[in-house]
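Here, each number is a calculation from the coordinates, and none is a lab measurement. Every value quoted in this text rests on a predicted model; they were computed, and no experiment measured them. Positions of Cβ are generated from backbone atoms using ideal geometry, with glycine treated the same way; all protein chains shown enter the neighbour counts.
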Amino acid sequence: MKLWLVRHVQPLVAAGICYGRLDLPADAGTTADCAARLAALLPADCRVVSSPLQRCEQLAQALHALRPDLAYKTDVRLQEMDFGQWEGSAWQDIGQHALQAWTDDFASHAAGHDGESVSAFMARVAAAFDALSGQGDMLWVTHAGVIRAARLLSQGIRQVRHASDWPLEGPKYGQWQLLHLHAG
């Protein structure tokens, strides 16, 4: 089975803002360009599942407009991590002390005081990942954090205890990665 992981295009938000769970739109033109590239690439039997956040759903809708055979559904498990009170704040304004507290207890500290912990986030994405068995080729229209988590899950890593174990590299806006997963 193949799992395509595509990241939404650039959301309409200022650079340097923490926007994990914020429901922001994305640039329509760039979304259309990304959808056109995907439409030419995806096989006919590919199932599409999208985060319900509008920057992802815009891409799923644009893809479906070009390829009506690629109907999509949304799944809340594919939403980006919830950064709690940090959402909408500039990363530089969050403060080194708060960021250090999060990275010191990376697995269980709730981001932004009342957001998700990395363990809760990984468990949520793992629930969607585990449901893939026997589903055939699939495309997830999602976020950088979910894509990083899915890559870890594909390697058998279900928990991330230290911030240094979290992958720094992820796809750029409008880019994708392909995972080849074993059935069963």
(request) Can you grab the distance from the C-alpha centre of the stretch 95-120 to the C-alpha centre of the stretch 41-70, Å, no decimals? (result) 33 Å
(request) Working from Cα positions, state the angle (0 to 90°, nearest 10) between the long axis of helix 28-41 and the longest principal axis of the chain. (result) 50 degrees
(message) Computed from the coordinates I sent, Rg and Dmax of the Cα atoms in Å equals one of (1) 15.7, 53; (2) 18.6, 59; (3) 16.2, 50. Tell me the label.
(response) (3)
(request) Can you put 57, 169 in order of Cβ neighbours within 10 angstrom, beginning with the fewest? (result) 169, 57
(request) Give me 99, 3 ranked fewest to most by other Cβ atoms within 10 Å of their Cβ, as a rough exposure proxy. (result) 99, 3
(request) Measure off 7 Å from each Cα along the Cα-to-Cβ vector at residue 159 and residue 104, then give the distance between these two points in nanometres to one decimal. (result) 2.1 nm
(request) Per DSSP H run of at least 4 residues, take -39500 (n - 2.57); add these up for the chain, divide by its residues and hand me the 222 nm value, nearest 500 deg cm²/dmol. (result) -10500 deg cm²/dmol
